[in-house]
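Q: Below is the structure I would like to discuss, written out as structure tokens.
The values are calculated or read from the model by the stated rules, or taken from the named source; none is laboratory data. For clarity, every value in this text was computed on a predicted model and none was experimentally measured. All Cβ positions, even for glycine, are placed from backbone atoms using ideal geometry, and neighbour counts span all protein chains on display.
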Amino acid sequence: MKTIIKNGTVVTASDIYQADVVIEDEKIVAIGSTDKREGENVIDASGKLIFPGAIDVHTHLDMPFGGTVTADDFTTGTIAAAAGGTTTIIDYALQTPGHSLAEALQNWHEKADGKCAVDYGFHVAVTDLNDAVMAEIPELIGRGYPSYKVFMAYKGVFQVDDSTLLTVLRQAGAAGGLVLVHAENGDIIDLLTREMLARGETTPLHHALSRPPQAEEEAVNRYITLAALSGSPAYIVHLSDATALGRLAEARLQGLPIYAETCPQYLFLDIERYNEPGFNGAKYVMSPPLREPGNEEYLWNGLDSGNLQVVASDHCSFNMKGQKELGRDDFSKIPNGAPGVETRVQLLFAGGVMENRISVNKFVDLVSTAPAKLFGLYPRKGALAIGSDADLVVFDPDADFTISAEKQFQNVDYNPYEGFKGKGVPLKVFSRGKLIFDDGRYTGSKGHGCFLPRKPFSAL
């Protein structure tokens, strides 16, 4: 049966226009003026925006970390994504030291397959590089896994040295891959952490102080240098710091193919949150940490100027009770991460479009089109065009919302944006033509989401 979304305002990364959108057999089959015929399902979108389903390229679902496992698995996390207007996620398959990348992917497929409410793919996180692992990278790129993550932080756990990083850049780049990096200097962080704990400085605030902006700036600069030496494109995840952004902008001005994302937490929250009473500052323990007030305006400018291409959530949810509490007496034992897959789209619209920081076209580009292009999904995803998957959001730009943990679909006992008020609500969310979220209700089905093999990297 055809579905016609009528009388809405279509918004893409480049255009705004009035049109009807026709869906059939999971695809968009027509855009324009249409008349209803018998048997067709018609949805009136008068006064509403219609844009391509959002893509969150940075989530951590059912992931072990610090002696526990994230509160959201691939069922609850993808239902929360759908509630927020996100119809595709890309999660991280973490290599276990001593094991292959293929084993990591097998493990994550077992976690996700048959359980997702939205479509999904995987990045591969490389933690233990040897000749056999090196040989896997080109093969896996050909099988639809073109993105690889390395960590410059978490010494003794995930951190790799510069020679490993340069090797991965060369190997992946030559085969059409893209290397993603967590850019913080792990040696600096390790030293500062040990010094602080020795002095009895154990609070959530000291997590932030142990990971100063200079640790991110240095790592970003070093990564850009290694990427330039390798001749390969490069991507920086969750960039948080204004000075690091300045180095990125300089590299891009020089013509280097360096890309980066930031996250809502760095656009809406700041370091003062760590001073909340009691242990409440642990809600915001994430890496990189929140920065000084005023830093966020530089990031907004980076989004508007195009030096930052993507806004991702880095959704990594841990409950305060029983999980974050593991570090009550030692900030280094607080599981790093916060929820955000459900709130990303609304926050960016309310704080960006409604506050005139970014245009509505830039908004669509940041949450959907640019991620699809960078990560090998375009034009199947990230586009509102004939032949693209019918991943669509019918969005009310005038509807008020208040963020509350009590109302969220995320399976976690707090929300870092508790009480935030704004305008802009996803009313209806379609995934491959199926209505999976309708006026506050999840209407999809477990296992609807399908795995997405992705194409090799293509520059924006």
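Q: Scan segment 432-456 and report the pairs whose first residue is in contact (Cβ under 8 Å) with a residue 24 or more places away in the chain and whose second residue is among the hydroxyl-bearing types (S, T, Y) and in a strand (DSSP E or B), with Cβ atoms within less than 6 Å and a gap of 6+ or a chain change.
A: Qualifying pairs under 6 Å: G449/Y120.
Q: Suppose we filter segment 389-445 for residues that are within 21 Å of T76 (Cβ to Cβ) and outside any strand (DSSP E or B); how many remain?
A: The qualifying residues number 23.
Q: Are any residues in segment 84-138 assigned to a helix (DSSP H, G or I) and farther than 30 Å from L435 by Cα, and if so, which ones? Give the steps one after another, and end with the answer.
A: Within segment 84-138, the subset assigned to a helix (DSSP H, G or I) is 101-112, 131-138.
Of everything in segment 84-138, those that are assigned to a helix (DSSP H, G or I) and farther than 30 Å from L435 by Cα turn out to be L101, A102, E103, A104, D131, A132, V133, M134, A135, E136, I137, P138.
Q: Evaluate segment 97-119: report whether one residue or more is out of contact with any Leu (no Cβ under 6 Å at 6 or more places or on another chain), at pLDDT below 95 and of a type in the set (V, I, T).
A: No, every residue in segment 97-119 fails to be out of contact with any Leu (no Cβ under 6 Å at 6 or more places or on another chain), at pLDDT below 95 and of a type in the set (V, I, T).
Q: Please go through segment 124-165 and give me each residue that is of a type in the set (A, V, I, L, M) and within 21 Å of the chain's Cα centre (by Cα), ordered by number. Write out each step before concluding.
A: Taking segment 124-165 as the starting set, the residues that turn out to be of a type in the set (A, V, I, L, M) are 124-126, 129, 132-135, 137, 140-141, 150, 152-153, 157, 160, 165.
Matches in segment 124-165: V124, A125, V126, I141, V150, M152, A153.
Q: Shifting gears a bit: I want to confirm something. Restricting to segment 1-50 and keeping residues that are part of a strand (DSSP E or B) and among the charged types (D, E, K, R), which single residue is nearest to D396 (Cα to Cα)?
A: D44
Q: Something else about it: What residue, among those in segment 151-190 that are assigned to a strand (DSSP E or B) and touching a residue at least 60 places away in the same chain (Cβ under 8 Å), is farthest from A208 (Cα to Cα)? Even if it seems obvious, please write down each step before you answer.
A: Taking segment 151-190 first, the residues assigned to a strand (DSSP E or B) are 151, 159, 178-182.
Checking which are touching a residue at least 60 places away in the same chain (Cβ under 8 Å) leaves us with 178, 182.
On the way: L178: 29, H182: 16 Å.
That would be L178.
Q: Regarding segment 246-268, can at least one residue be identified that is farther than 27 Å from K373 by Cα and either at pLDDT below 95 or surrounded by fewer than 23 Cβ atoms within 10 Å (Cβ to Cβ) (or both)?
A: Taking segment 246-268 and keeping what is farther than 27 Å from K373 by Cα, we get none.
There is no residue in segment 246-268 that is farther than 27 Å from K373 by Cα and either at pLDDT below 95 or surrounded by fewer than 23 Cβ atoms within 10 Å (Cβ to Cβ) (or both).
Q: Can you find even one residue in segment 265-286 that is part of a loop (DSSP other than H, G, I, E, B), assigned by TED's automatic domain parsing to the domain that holds H60 and touching a helix residue (DSSP H, G or I) at 6+ places or on another chain (Cβ under 6 Å)?
A: To start, the set of residues in segment 265-286 that are part of a loop (DSSP other than H, G, I, E, B) comprises 269-270, 276-279, 285-286.
Restricting the remaining residues to those that are assigned by TED's automatic domain parsing to the domain that holds H60 gives 269-270, 276-279, 285-286.
Filter once more, keeping what is touching a helix residue (DSSP H, G or I) at 6+ places or on another chain (Cβ under 6 Å): 285.
For segment 265-286, residues part of a loop (DSSP other than H, G, I, E, B), assigned by TED's automatic domain parsing to the domain that holds H60 and touching a helix residue (DSSP H, G or I) at 6+ places or on another chain (Cβ under 6 Å): present.
Q: Looking at segment 283-332 only, could you name the residues that are under 16 Å from E184 (Cβ atoms) and of a type in the set (A, V, I, L, M, F, W, C)?
A: Kept after step one, since they are under 16 Å from E184 (Cβ atoms), are these residues of segment 283-332: 285-291, 295, 314, 316, 331-332.
Those that are under 16 Å from E184 (Cβ atoms) and of a type in the set (A, V, I, L, M, F, W, C): V285, M286, L290, C316, F331.
Q: When segment 246-290 is examined, which residues are found to be within 21 Å of L178 (Cβ to Cβ) and β-branched (V, I, T)?
A: Going through segment 246-290, the residues within 21 Å of L178 (Cβ to Cβ) turn out to be 247-263, 288.
Once the filter is applied, which keeps residues that are within 21 Å of L178 (Cβ to Cβ) and β-branched (V, I, T), segment 246-290 yields I258, T262.
Q: Here are some residues: P397, P371. Which one is buried (at least 16 other Cβ atoms within 10 Å of the Cβ), over 24 Å from Y274 (Cβ atoms) and more than 22 Å from the chain's Cα centre (by Cα)?
A: Working: P371 fails: more than 22 Å from the chain's Cα centre (by Cα).
Answer to the check: P397.
Q: Please find, within segment 292-307, the residue that is surrounded by the fewest Cβ atoms within 10 Å (Cβ to Cβ) out of those that are over 19 Å from the mean Cα position of the chain (by Cα) and assigned to a loop (DSSP other than H, G, I, E, B).
A: Result: G294.
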